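Computed from the coordinates by the stated procedures, all read-outs in this text should not be read as laboratory data. What you see is a predicted model; the values in this text were computed from it and never measured. Counting neighbours? That spans all protein chains shown, and the Cβs are built from the backbone with ideal geometry, glycine included.
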Amino acid sequence: MSEKTKYTDEPLGPVKVVPDFLPAPEELVFKEDTVKVTIALSRESVEFFKHEAEKHHTQYQKMIRRLLDAYTLAHKQPAAKHSSRRKKRTAGR
């Protein structure tokens, strides 16, 4: 590995231009649709998230937000289920 690479002026051969497939930097920034709220949390919960966030080099608020998003996603019922229930109830009346 200590051996230096020696470059020459030899021809490279056929060159193929590859289209730019990388996203623009602004496309890499993940923007979340957020709403500011005020919430009182237990000291124990906040300390837990602060400690975990420090270990993982992130923000504790972001961890709490992602936890709530995961809970919401896991418990969210599809709109089709809600509308079919209403139809069944109103159909029997």
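Some observations on this one:
- Here is the list for the range 1-54: trypsin sites (Lys or Arg not before Pro) lying in DSSP coil, each with at most 11 other C-beta atoms within 10 angstrom of its C-beta, are Lys4, Lys6, Lys16, Lys31, Lys36.
- Low-density loop cleavage sites - GluC sites (Glu not before Pro) in the range 1-54, where at most 10 other Cβ are within 10 Å (DSSP): Glu3, Glu32
- Chymotrypsin sites (Phe, Trp or Tyr not before Pro) within the range 8-78, DSSP loop, no more than 14 other Cβ atoms inside 10 Å: Phe21, Phe30
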